[in-house]
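One structure below.
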């Protein structure tokens, strides 16, 4: 690293991945250096600068263990005093006569501590400034299991016996398997056979249970003993007042059923008549309730402290589960990639018929909400410590519901998820560019373009304008099917839109033909002739030439 490059880093100040430390021996011992290194390694790694004050003033590093500080000795000291040994890259940079030690710290794949047993991790204070805090044991356990690819549910439950499991929970599981989408083959098995089929006993000892067995079939007492984090809270809000507050420590199948029940009795409906058919539109679609709650129970990090939280308010349904997304899953890919934190728990819920067996549950949830005239689930509040999904429960867009029902019934085809997203987005936000639709749908530009083209072929979307200003509009056909009040407004304003588009084209290209006007405004030749005559009569355009050479130019320069 050159002095100029280091000066730029210092000028930017401390951050989550950049730390300044004073370089005087009295203020910075070897132990202090090791603590700072393990703190950053247990975060995202980064750059530790020794010889720089917190305010960015360069004071230099005093020589350590001799007349000068050798980078390789500092590097060896860090390696020898960390557990597991942490390899860093140390460089001495001369900043106008003041040496600064620049230590590149890698992100540790598993928790790393000092040889004395000290574990720290990087964190951000409420004011956004970085700090080093104690690394809690449950967080280290979670990171360690994930890094090793180990399933929490496969961990032995030392001391657990078969009588720590509730026979009624096995019966509940058999009923689930026998009904609906469950695995009927499991409905006829004994308790021990179910445990083996779901991989809930240790392979080498059939009588030794795992934590997964406790989570799925344990009594409340055994859950409190072996997995005390297995807790859920349901709250209902009336305005800002909590009207219902229920805390439960139940086996996962029983907890799921209880939470479903609590939502079901509160899930009021709006009514829509389509022809002679009545359609009930719940605040939250049943499939969305099941998928979001099941995901929270299955994919939460049970090594993290804190309950699952399920909240129902006037304006939203909110589910929060401790632990961030599993490794490899982000807000950008979670819609298409399925990677359960616990494959054992996920498989058990699939075989019980609670969640989709093909791993398409999130996409199905999106589709259900769009068909119900709701916005898509919002996961933006999720972070490293929790996955949070928020679903709107205010009045549905009945026009959107009517359109989907009318279109799919009359055409015998099902609208795809991306097509629903595009239609919903344009209806809610008005005409949008391709880049705006890409941002709204979280799909690639090629996918959005392909679906916009398909919607245009279906007569539901039309595009107007050129280049980056090209925007996609809903057509009159869409509004007719939706029986929307916007259709009346669209009819009234279409001529105005046509006039603006034609005049803008003439201003940019100098002239326009009747054929080009028809193409530009998606008009029949006769309609284009009427639009051009209207502008000619208004003194905006004048006709030049005859027959094939006829074209329109500005009557008066703009």
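Observations on the structure shown:
- Filter pass, residue 542 being in a helix (DSSP H, G or I) and surrounded by fewer than 17 Cβ atoms within 10 Å (Cβ to Cβ): no
- Failed condition for residue 387, given (1) modelled with pLDDT of 90 or more; (2) more than 15 Å from the chain's Cα centre (by Cα): (2)
- Residue, farthest from residue 457 (Cα to Cα), within the stretch 414-433, restricted to residues that are in contact with a helix residue (DSSP H, G or I) (Cβ under 8 Å, 6 or more places away or on another chain) and surrounded by fewer than 17 Cβ atoms within 10 Å (Cβ to Cβ): 429
- Conditions (1) under 26 Å from residue 402 (Cβ atoms); (2) not in a helix (DSSP H, G or I): number failed by residue 304: (1)
- Within the set 289, 319, the sole residue that is touching a strand residue (DSSP E or B) at 6+ places or on another chain (Cβ under 9 Å), assigned to a helix (DSSP H, G or I) and more than 25 Å from residue 482 (Cβ to Cβ) turns out to be 289.
- Taken across the stretch 71-79, residues that are in contact with a helix residue (DSSP H, G or I) (Cβ under 7 Å, 6 or more places away or on another chain), assigned by TED's automatic domain parsing to the domain that holds residue 42 and either surrounded by 12 or more Cβ atoms within 10 Å (Cβ to Cβ) or assigned to a helix (DSSP H, G or I) (or both) do occur, with at least one present.
- Members of the stretch 182-213 found to be assigned to a loop (DSSP other than H, G, I, E, B) and either surrounded by fewer than 15 Cβ atoms within 10 Å (Cβ to Cβ) or in the same structural domain as residue 354 (by TED's automatic domain parsing) (or both), listed by number: 190, 203, 204
- In the stretch 27-43, residue modelled with the highest pLDDT [restricted to those that are part of a loop (DSSP other than H, G, I, E, B) and surrounded by fewer than 14 Cβ atoms within 10 Å (Cβ to Cβ)]: 29
- Of the residues 203, 156, 167, the single one that is over 16 Å from residue 256 (Cα atoms) and touching a residue at least 40 places away in the same chain (Cβ under 8 Å) is 156.
- Screening 378, 395 for residues that are surrounded by fewer than 20 Cβ atoms within 10 Å (Cβ to Cβ), touching a strand residue (DSSP E or B) at 6+ places or on another chain (Cβ under 9 Å) and either within 30 Å of residue 477 (Cβ to Cβ) or not assigned by TED's automatic domain parsing to the domain that holds residue 289 (or both) leaves exactly one candidate, 395.
The values are calculated or read from the model by the stated rules, or taken from the named source; none is laboratory data. Predicted model only: the values in this text are computed from it and were never measured. Cβ atoms come from the backbone with ideal geometry, glycine included; neighbour counts cover every protein chain shown.
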